[in-house]
1. Just checking, does the stretch 423-438 include any residue being closer than 27 Å to Ala313 by Cα and part of a loop (DSSP other than H, G, I, E, B)?
2. Here is a list: Gly183, Gly152, Gly146. Which entry is in contact with a Leu (Cβ under 9 Å, 6 or more places away or on another chain) and more than 22 Å from Gly112 (Cβ to Cβ)?
3. Looking at the stretch 158-177, which of the residues that are among the polar types (S, T, N, Q) and touching a residue at least 12 places away in the same chain (Cβ under 8 Å) is farthest from Val225 (Cα to Cα)?
4. Out of (1) surrounded by fewer than 20 Cβ atoms within 10 Å (Cβ to Cβ); (2) on the phi > 0 side of the Ramachandran plot, the odd one out for Thr93 is which?
5. Is there a residue in the stretch 41-48 that is free of Cβ contacts under 8 Å to residues at least 40 places away in the same chain, surrounded by 19 or more Cβ atoms within 10 Å (Cβ to Cβ), farther than 30 Å from Asp129 by Cβ and not charged (D, E, K, R)?
6. Scan the stretch 344-377 for residues that are assigned to a helix (DSSP H, G or I), under 15 Å from Gly63 (Cβ atoms) and among the charged types (D, E, K, R) and jot them down.
7. Checking the conditions here, which among Ala412, Ala407, Ala382, Ala420 is on the phi > 0 side of the Ramachandran plot, touching a Gly at 6+ places or on another chain (Cβ under 9 Å) and surrounded by 12 or more Cβ atoms within 10 Å (Cβ to Cβ)?
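The values are calculated or read from the model by the stated rules, or taken from the named source; none is laboratory data. What you see is a predicted model; the values in this text were computed from it and never measured. Every residue, glycine as well, gets a Cβ built from its backbone with ideal geometry; the counts of neighbours run over all protein chains shown.
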Amino acid sequence: MSPAHTLYTADWVLPMVTPPLPQGAVLVRDGQIAWVGPAAHATAHMPADTPVHALGTVALMPGLVNAHSHLELTGLRGFLEGLDFREWLRTLTIVRRDLLSEDDLLDASRLGIAEALRHGITTLADCTDSALPLAAMRELGVRGIGYVEVFGPDPLQCDESMARLRQRVAVLRAADTSLVRTGVSPHAPYTVSATLFAATAAFARAEELPMAVHVGESAAESAFVVEGTGPFAVRLRERGIAVAPQALSPIALLEDTGVLAARPLLVHVIRADDRDFARIADHGATIVHCPISNAKLGHGIAPLDRMLAHGIATGLGSDSVASNDRMHLLDEARQATLFHAVRSGSPDSLSAHDALGLATHGGARALGLGDTIGTIEPGKAADLAAFALDGTDIQPVHDPAVALVHALAGRATALLVMVAGRVLVRDGQLQAASADWEARQRVTAARLGEWRQRRSQ
């Protein structure tokens, strides 16, 4: 059993509510932050027998918050390359339905969480069809929300879709813990009818469920909602589902159907204007920005500056590794700074400090967890991550936030990661890993490769 008190000292502590603290210390007591300040002052704030872990030349910071993932798709890393978005979605649907078992999806979720932890991510907001990531989160000790997806583009499907969703949520919520919570996700405007959007939003509000929606992601989605045209409209008409213009924009559709009133987490929001952002802000909805996935799929660069100008709580997400190929939130922070410098023509449009804020307290606020995580201050949960700053390719460190975002991004493995004071990564090693997961996923990958080869013949 770990001691009630533990002191961690580091060359740099980043509370995120105050400037970086050189030669800092964090006192953890019973899974919470008890004190943060200069290491030289620590003895006055702790019992004499408190264990001290001197982490050395590291940046000790709040655990990173990945505000959008699809853990069950981890096994599809690099599998869906070079496809346009409609074909990407179609192939993903076939593979997910026909080729991946529940065991495959559970192992993929475990491996995704392992990757997240190694990169300092302590909280995951995961959209899932299978709900198996919720079990994997509980098993591996991370904090998270599992948004159970609901689909139904035909209004006639609404009652059936809602009955199934209610049943699933009732079962899943019974297993909720202090760390892992069930939510719902009406998937997107091109897979969910206006009737189903309204029903899901009413359900979420009545049951006080967190909700997430993919919206404003692509030109095809906008054409579908605004004009009733484009590839999504063609596909639904081929299925005998009537399609007509629905709203002035995808965000307006969510307002019209009561979704925004449920204060959802809006995923992507690349294609939106100031009227849309005003709608989002007025309802208190939040946004997760996924810069790398958005770019890799060719969707564009979201107007992050407008989100922030409207005061919308905004976090960063990796999306699935099927569209990103890795889950590294420091890399998302770096790419966000670069993309928005290009978009604005100004190198200081998004500073490293601000980008790191999106990856920590911004994501926490976007998930409704701002009072619990995202900063290092007394009373908050001890969700922490430490990254080494002693490499020759990192030193000298003039500013630890700049070092984390621009020198370490994309290649850093956390030395220490804890959730609610429980150490999950120590000395860079995951404390609860299994080689069996990787071995089974290699078998699955071989099976997928054979399927793709047959399909191409």
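1. Checked the stretch 423-438: no residue is closer than 27 Å to Ala313 by Cα and part of a loop (DSSP other than H, G, I, E, B).
2. Checking each option against the conditions leaves just Gly152.
3. Thr177
4. Every condition holds for Thr93 apart from (2).
5. The answer is yes, given that some residue of the stretch 41-48 is free of Cβ contacts under 8 Å to residues at least 40 places away in the same chain, surrounded by 19 or more Cβ atoms within 10 Å (Cβ to Cβ), farther than 30 Å from Asp129 by Cβ and not charged (D, E, K, R).
6. Arg365
7. Ala420
The rows are residues; the columns are (1) charged (D, E, K, R); (2) touching a helix residue (DSSP H, G or I) at 6+ places or on another chain (Cβ under 8 Å); (3) over 25 Å from Pro303 (Cβ atoms).
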| position | (1), (2), (3) |
| --- | --- |
| Ala204 | no, yes, yes |
| Ala220 | no, yes, no |
| Arg235 | yes, yes, yes |
| Pro245 | no, yes, no |
